[in-house]
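Chemist: Dropping a structure here in C-alpha cells format, bear with me for questions.
The values are calculated or read from the model by the stated rules, or taken from the named source; none is laboratory data. From a predicted model like this one, the values you see are computed outputs, not experimental measurements. Cβ placement follows ideal geometry from the backbone for every residue including glycine, while neighbour counts extend to all protein chains displayed.
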C-alpha cells in the first residue's frame, strides 16, 4: 500500500467518524434534549481516532502528508511538500 492510499483511508475513516458523530448528537438531542455530554463524547472520540494522523509521513524525508507548510489540511498530499516524492507510487513503511 502506498503512503497516499493509507493516509486517504485514514481521512475517509475520519469523515465517517464525523458523520457518525453528527448522527449521535442528533439522536441524543431527540432522545433526552440538548446535552453537552454528547458533544464532549464525539469530540473525544474524534480526537482519539485522529491521533494516528501523525504517523502518515513521507518515506523519504519524513514530512507529514497532511501538512502543507504550517497548515494542517484534512486531505493528504499526493506529492510530498518537502522533497517532491510521488506518494501515490512510493511504498509506505508506516504503521
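Chemist: I'm trying to understand the selection: among the residues of region 47-83, which are on the phi > 0 side of the Ramachandran plot and either within 11 Å of the chain's Cα centre (by Cα) or at pLDDT 85 or above (or both)? Step through it out loud before you land on a result.
Modeler: Step one: of region 47-83, the residues on the phi > 0 side of the Ramachandran plot are 62, 69.
The one that is on the phi > 0 side of the Ramachandran plot and either within 11 Å of the chain's Cα centre (by Cα) or at pLDDT 85 or above (or both): 62.
Chemist: Given (1) surrounded by 15 or more Cβ atoms within 10 Å (Cβ to Cβ); (2) farther than 30 Å from residue 81 by Cα; (3) touching a helix residue (DSSP H, G or I) at 6+ places or on another chain (Cβ under 7 Å), where does residue 41 come up short, assuming only one miss?
Modeler: Only one criterion in (1) surrounded by 15 or more Cβ atoms within 10 Å (Cβ to Cβ); (2) farther than 30 Å from residue 81 by Cα; (3) touching a helix residue (DSSP H, G or I) at 6+ places or on another chain (Cβ under 7 Å) is unmet by residue 41, namely (3).
Chemist: Check residue 54 against each of (1) buried (at least 16 other Cβ atoms within 10 Å of the Cβ); (2) without any contact (Cβ under 8 Å) to a residue 40 or more places away in the chain; (3) in contact with a strand residue (DSSP E or B) (Cβ under 9 Å, 6 or more places away or on another chain) and name the one condition it does not meet.
Modeler: Against the list (1) buried (at least 16 other Cβ atoms within 10 Å of the Cβ); (2) without any contact (Cβ under 8 Å) to a residue 40 or more places away in the chain; (3) in contact with a strand residue (DSSP E or B) (Cβ under 9 Å, 6 or more places away or on another chain), residue 54 comes up short only on (1).
Chemist: Looking only at residues in region 64-80 that are surrounded by 15 or more Cβ atoms within 10 Å (Cβ to Cβ) and touching a residue at least 12 places away in the same chain (Cβ under 8 Å), which one is farthest from residue 14 (Cα to Cα)?
Modeler: 80
Chemist: Quick check on residue 16: is it at pLDDT 95 or above and under 23 Å from residue 5 (Cβ atoms)?
Modeler: Working: at pLDDT 95 or above: yes; under 23 Å from residue 5 (Cβ atoms): yes.
When the stated conditions are applied, residue 16 passes them.
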